[in-house]
Structures are given as C-alpha cells and as structure tokens.
Amino acid sequence: MHKFSMPEEITTRVVARVGRQWRRSRLALTLAEREVISRGVTAHQSARSMAKLLGRSPSTVSREMSRNGG
C-alpha cells in the first residue's frame, strides 16, 4: 500500500527525484501560492482574481479551493 491516496503513476509526475533530493513539479502549487489562496478565500476573493495575482489558471486555483474547503 502506498503512503499516498493517489496511484503511484500520478505521484511520480508531481514529485521527481533529483540526485538525493526530491523536487516538486514546476506545475504544482508552491506552499506560498497555497497560502495566498488560503488568505484569498478568507478575504472572499474570487478564484479568478487570485489566479491573476499568482499568474496561474483560474481552474488551478478553483481545484485547490475545492480540495481544501474553499
């Protein structure tokens, strides 16, 4: 059984091993971006306005909000 709830083929696309360190995909949201989204949800900002601020697709922000109770 995997530690993750996602199938292994998906997790390997998100996290890549580089030398002895693990590095997230450049497409994955960073912790700082997730924090901006969290604060935006608290401030009742739209997904579209947060996406514009982050330079990300509105659907990316919307998915993050759905995953984490936004």
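Would you confirm whether or not region 48-70 contains a residue that is touching an Asp or Glu at 6+ places or on another chain (Cβ under 8 Å) and at pLDDT below 75? Yes, some residue in region 48-70 is touching an Asp or Glu at 6+ places or on another chain (Cβ under 8 Å) and at pLDDT below 75. Taking the criterion of being assigned to a helix (DSSP H, G or I) and either touching an Asp or Glu at 6+ places or on another chain (Cβ under 7 Å) or closer than 13 Å to Val61 by Cβ (or both), the residues of region 20-34 that qualify are Glu33, Arg34. Test Thr12 against the criterion of being modelled with pLDDT of 90 or more and polar (S, T, N, Q), and give yes or no. No.
The values are calculated or read from the model by the stated rules, or taken from the named source; none is laboratory data. As the structure is a computational prediction, the values presented were derived from the model and not from experiment. Neighbour counts run over all protein chains shown; Cβ positions are idealised from the backbone, glycine included.
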